[in-house]
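Okay, structure first, notes after.
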Amino acid sequence: MAGAAALLAACAANLTPAQWRAWDALQDCRALAPTATISQLPAQGGVRFKSRDDEREIMARCLNERHGYSIH
């Protein structure tokens, strides 16, 4: 976990506003799907994540309903 925090700190200054929005959205929804992790955070916005199969739909629904992201 410390490695992830260090990586985020190193990259944080380079995140676009769209990436910050996506990051915050995923962190908010992790309360419902705690195994979810970011796999891609495109500069133009959006988020791709990995999670256990039983949490994928929960995360996708949360990202859509709370934050307006469409996950396919």
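What follows draws every value from the coordinates through simple rules; no lab data is involved. This is a predicted model, so every value here is computed, not measured. Please note: Cβ atoms are built from the backbone with ideal geometry, for glycine as well, and neighbour counts cover all protein chains shown.
What order do you get for 52, 21 when you list them from fewest to most C-beta neighbours inside 10 Å?
52, 21
Just check the range 16-67 against the gyration tensor rule for me: Cα atoms, a ≥ b ≥ c as the square roots of the eigenvalues, rounded for a/c under 1.5, and otherwise prolate or oblate depending on whether a/b exceeds b/c.
It comes out prolate by the Cα gyration axes.
Note down the relative contact order for the range 16-67 as a percent, whole number, built from C-alpha pairs under 8 angstrom at least six residues apart.
Normalised by residue count, the contact order of the range 16-67 is 38 percent.
Going by how many other Cβ atoms sit within 10 Å of their own, how do 53, 28 line up, fewest first?
Lowest to highest Cβ neighbour count: 53, 28.
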